[in-house]
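This report refers to the structure that appears directly beneath it.
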Amino acid sequence: MRSLANHPAARGLTDDAAVLPVGNETLILTHDAMVERVHWMPGQDMADVAWKLVATNLSDLAAKGAVPIGILLGYTLGEQEERFVAGLRAALTAFECPLLGGDTVSGCDGARSLGLTAIGRAVHTPVPSRSTAQPGDTLFVTGALGAAMMGFEALQRHGADHSGADSAAFRCPTPLLSEGQALAPIVTAMMDVSDGLLLDSWRLATASGVTLVIATEEVPIAAPEDRRSDALRWGDDYQLLFTAPLSAKLPVNAAPVGTVEEGEVPLILDGLPVTDSSRLGFAH
């Protein structure tokens, strides 16, 4: 499809979102889908599914330092309609983002799928990209990884309808909108961590044509130490991964986890070059 996406706004389909200048503003456009049994467990509260659908799309806006303008929803009819609407209302209220339109369809046998397009307005130009990390930069992440993994495992233990705090990170993530807006004028490159820190680092490095040198023991995790490797690969954490000069005065809390260097391989993990991304995280 990259051969079809020849408009500059598409950024070659290698970024978190499309970046479209319109008059004196720059719009940020993103679309993500969620599928039952892939992104949520059968039997989960559809209020949580609605929240997560909104949050994951707004996380792409956060990676661009954007303010949400609104969403368009593609909804497959099914069970728990009232709960879905309740969760949708809660998310849109929390993130000050209105529903602008969309479509509803009847589903066939099998897993339900839901799609959402989020529209935002950039607060800073140039809009952060995955492709502009510079040798000499430091690699940062805004928070601990592995909380969603632990939350998913809590649902597996207690049942899909479990609503305790130990599963909240998986069920109801929070897009880091204010953090992304604050970082936009400072970072050299930025993206959100949706498919695992290691795989997303590979993507950032590949897009920028650099090598990211990561010391895995420096990465903050929200999981037992013996699960560190899993936490760096599992994904669904929606922290922001970004590069910036080490001397930059960061407006948010973030942990330095590596450096940006010139090189031929995208990643060097704990001193060892990585040439294959197949085991680094969740690949669609």
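The values are calculated or read from the model by the stated rules, or taken from the named source; none is laboratory data. Computed from a predicted structure; not experimentally measured. Don't worry about glycine lacking a Cβ; one is built from the backbone with ideal geometry, like all the others, and counts go over all protein chains shown.
Structure data summary
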| item | result |
| --- | --- |
| Search result, residues across the stretch 252-264 that are surrounded by 14 or more Cβ atoms within 10 Å (Cβ to Cβ) and modelled with pLDDT of 95 or more | V252, A254, A255, P256, V257, G258, T259, V260, E261 |
| One residue from V187, V123, V141 being closer than 18 Å to R233 by Cβ and among the β-branched types (V, I, T) | V141 |
| Of residues in the stretch 90-134 being over 24 Å from A17 (Cβ atoms) and among the charged types (D, E, K, R), the one surrounded by the most Cβ atoms within 10 Å (Cβ to Cβ) | R112 |
| Output for the stretch 41-86, where each listed residue is in a strand (DSSP E or B) and either under 13 Å from P173 (Cα atoms) or in contact with a Pro (Cβ under 7 Å, 6 or more places away or on another chain) (or both) | G70 |
| Candidate set from the stretch 77-88 (those that are out of contact with any strand residue (DSSP E or B) (no Cβ under 8 Å at 6 or more places or on another chain) and of a type in the set (A, V, I, L, M)); member that is surrounded by the fewest Cβ atoms within 10 Å (Cβ to Cβ) | V85 |
| Any hit, the stretch 17-30, residues being over 22 Å from T243 (Cα atoms), of a type in the set (D, E), outside any strand (DSSP E or B) and more than 13 Å from the chain's Cα centre (by Cα) | no |
| Number of the condition not met by A169 [criteria: (1) part of a helix (DSSP H, G or I); (2) without any contact (Cβ under 8 Å) to a residue 40 or more places away in the chain; (3) assigned by TED's automatic domain parsing to the domain that holds G209; (4) not hydroxyl-bearing (S, T, Y)] | (2) |
| The stretch 36-55: number of residues that are surrounded by 15 or more Cβ atoms within 10 Å (Cβ to Cβ) and either at positive phi or touching a strand residue (DSSP E or B) at 6+ places or on another chain (Cβ under 6 Å) (or both) | 2 |
| From G65, G74, residue being buried (at least 17 other Cβ atoms within 10 Å of the Cβ) and either under 20 Å from the mean Cα position of the chain (by Cα) or hydrophobic (A, V, I, L, M, F, W, C) (or both) | G65 |
| Test for A248: is it out of contact with any helix residue (DSSP H, G or I) (no Cβ under 7 Å at 6 or more places or on another chain) and in a loop (DSSP other than H, G, I, E, B) | yes |
| Output for the stretch 123-139, where each listed residue is assigned to a strand (DSSP E or B) and in contact with a helix residue (DSSP H, G or I) (Cβ under 9 Å, 6 or more places away or on another chain) | L139 |
| Unmet requirement for S277, which otherwise passes all of (1) more than 24 Å from G120 (Cα to Cα); (2) at pLDDT 95 or above; (3) polar (S, T, N, Q) | (2) |
| Every pair of residues 6+ apart whose Cβ atoms lie under 6 Å, when the first sits in the stretch 20-49 and is charged (D, E, K, R) while the second is in a loop (DSSP other than H, G, I, E, B) | E36/A111; E36/R112; R37/A111; D48/C172 |
| The stretch 254-284: number of residues that are outside any strand (DSSP E or B) and either closer than 28 Å to H39 by Cβ or touching a Pro at 6+ places or on another chain (Cβ under 6 Å) (or both) | 13 |
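Rundown of residues vs (1) in a helix (DSSP H, G or I); (2) under 23 Å from I268 (Cβ atoms), yes/no style:
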{"position": "R157", "(1), (2)": "yes, no"}
{"position": "D161", "(1), (2)": "no, no"}
{"position": "E179", "(1), (2)": "yes, no"}
{"position": "I186", "(1), (2)": "no, no"}
{"position": "M191", "(1), (2)": "no, yes"}
{"position": "S194", "(1), (2)": "no, yes"}
{"position": "L199", "(1), (2)": "yes, yes"}
